[in-house]
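Just below is one structure, and these are the notes that go with it.
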Ligand SMILES: Cc1cc2nc3c(=O)[nH]c(=O)nc-3n(C[C@H](O)[C@H](O)[C@H](O)COP(=O)(O)OP(=O)(O)OC[C@H]3O[C@@H](n4cnc5c(N)ncnc54)[C@H](O)[C@@H]3O)c2cc1C
């Protein structure tokens, strides 16, 4: 069994020594961060959420958040790959059958097995909980529009309507191995940011489905998405946003201190009151997002019945804060930042993903309004 604290220390060390130095190169060449994932796997960090009985650390949402925050300060593409793996881990651990867990989870903890989620379909877009594909005669054909680690992961948690479903919420989740006949990645998405996370469409053509790889009882997919995947995903994306904003904040604080003006007797950009004011506003945004993230984690772990509103809101709050902080940092960085120095421009592109990742910020605000008004979510 791995110890949570030592895995977090290993994650910190790898983030500094492996992820950070390679981040610009991974971004510019738009390649999957294979060496980062291999190093995290070797150190056992991919097993952070695996229950202790299967050789993992059995970490909580709070520790997951810390690991992702640390990684995204160094390389957000790698953090997003890890986040989707953690979401897959959580739902396999919570809903998978004993045989599947015995076979699979020890390799997550010790052999660097990488998993991910394949939920989104063009037929339902950002409404991630509503697959249009359906299992028929134990076979699944589906077109998944946007999968992180497509073609790179060792397994995929795939959503589909159950056979004969009356609607999109009568669904199942299945664990499908990378070697499954009929499963294929379809090129790269070439996204604006998170350029290394190998997001791409995937197709399933007549893929064989069996009950042993179904996560949970027949028809329980929608419930699993809401109960298990949603909190991990929302808190995870918020952690990545907070990490990106922290990196940009630290970069710009160093930059405004180092940027000196000869015409003003060597005065630093940091000596201008307006700059101090903008940095203070950035600190406020970042610290309030970080505090709200901590509070959301606390309430979720405590089983607080009002935590659902926070789980929905935390991704919106962190995505907005990140966009504001990084945009301000780009402005204060001037030509230096515009010239792609210091990693700020990468932070700026990476920061855009959180608001569009499903559920998008706009869809989340719909849900939040319903929760506030006591209306049913679906
Ligand atoms: C970097 C990245 C990685 C991803 N990784 C994965 C992954 O690993 N697995 C996976 O399954 N998916 C993944 N996705 C897909 C993602 O979760 C979304 O499904 C996708 O971004 C939605 O795209 P869409 O264009 O189809 O949205 P659309 O549904 O076309 O939405 C377009 C716009 O309309 C708005 N909109 C839609 N409905 C409403 C509404 N009711 N109220 C208000 N506004 C609304 C949305 O907010 C959005 O701004 C990833 C996406 C990104 C960007």
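Taken together, the values in this text are just the output of simple stated rules run on the coordinates, not laboratory data. Everything quoted here is computed from the prediction, not taken from an experiment. Glycine gets a Cβ as well: all are built from the backbone with ideal geometry, and neighbour counts include every protein chain shown.
Computed from the C-beta positions of residue 277 and residue 136 and an R0 of 45 Å, the FRET efficiency is 0.15 to the nearest 0.05. Taken along the Cα-to-beta-carbon direction at a fixed 7 Å, the label points for residue 302 and residue 98 span 3.6 nm. If you build a Gaussian network model of the chain, linking Cα atoms that sit under 10 Å apart, which residue out of 90, 79, 264 swings the most? Among 90, 79, 264, the largest mean-square fluctuation in the Gaussian network model of the chain belongs to 264. Sorting 320, 366, 154, 350 by the number of Cβ atoms found within 10 Å of their own Cβ, with the fewest placed first, yields 366, 320, 154, 350. The distance from the alpha carbon centre of region 327-378 to that of region 1-67 is 24 Å, rounded to a whole number. Rg and Dmax over the alpha-carbon atoms of region 222-373 stand at 18.0, 64 Å. Our summary gives the chain a relative contact order of 16 percent, counting only alpha carbon pairs under 8 angstrom and 6 or more residues apart. Comparing 253, 50, 158 in a Gaussian network model of the chain (Cα springs below 10 Å), the most mobile by mean-square fluctuation is 253. Counting other Cβ atoms within 10 Å as a rough exposure proxy, the listed residues 272, 37, 297, 244 run 272, 37, 297, 244 from fewest neighbours to most.
How high is the FRET efficiency between residue 226 and residue 253 when r is their beta carbon distance and R₀ equals 45 Å, given to the nearest 0.05?
Given R0 = 45 Å and the Cβ-Cβ separation, E is 0.70.
Calculation over all alpha carbon pairs of region 57-160 in 10 angstrom steps from 0 returns a P(r) of 14, 40, 36, 10, 1 percent.
If the chain between residue 260 and residue 218 were fully stretched, how many nm would it gain, using 0.36 nm times the residue separation less the Cα-Cα distance? Let's see the in-between values first.
Details: separation 42, 0.36 × 42 = 15.12 nm, distance 6.49 nm.
Value of the extension gain: 8.6 nm.
The angle between the Cα long axis of helix 230-258 and the longest principal axis of the Cα atoms of the chain comes to about 20 degrees, rounded to the nearest 10. Kindly give the semi-axes, whole Å and largest first, of the ellipsoid equivalent to the chain, taking each as the square root of 5 times a Cα gyration tensor eigenvalue. Whole-Å semi-axes of the equivalent ellipsoid: 37, 22, 20.
Going by neighbour counts of Cβ atoms within 10 Å, the residues 237, 314 line up, fewest first, as 237, 314. Computed from Cα positions, the angle between helix 34-43 and the longest principal axis of the chain comes to roughly 80 degrees. Rounded to the nearest 10 degrees, the inclination of helix 20-29 to the longest alpha-carbon principal axis of the chain is 70 degrees. Both the radius of gyration and Dmax for region 117-218 are 13.0, 39 Å, in that order, over alpha-carbon atoms.
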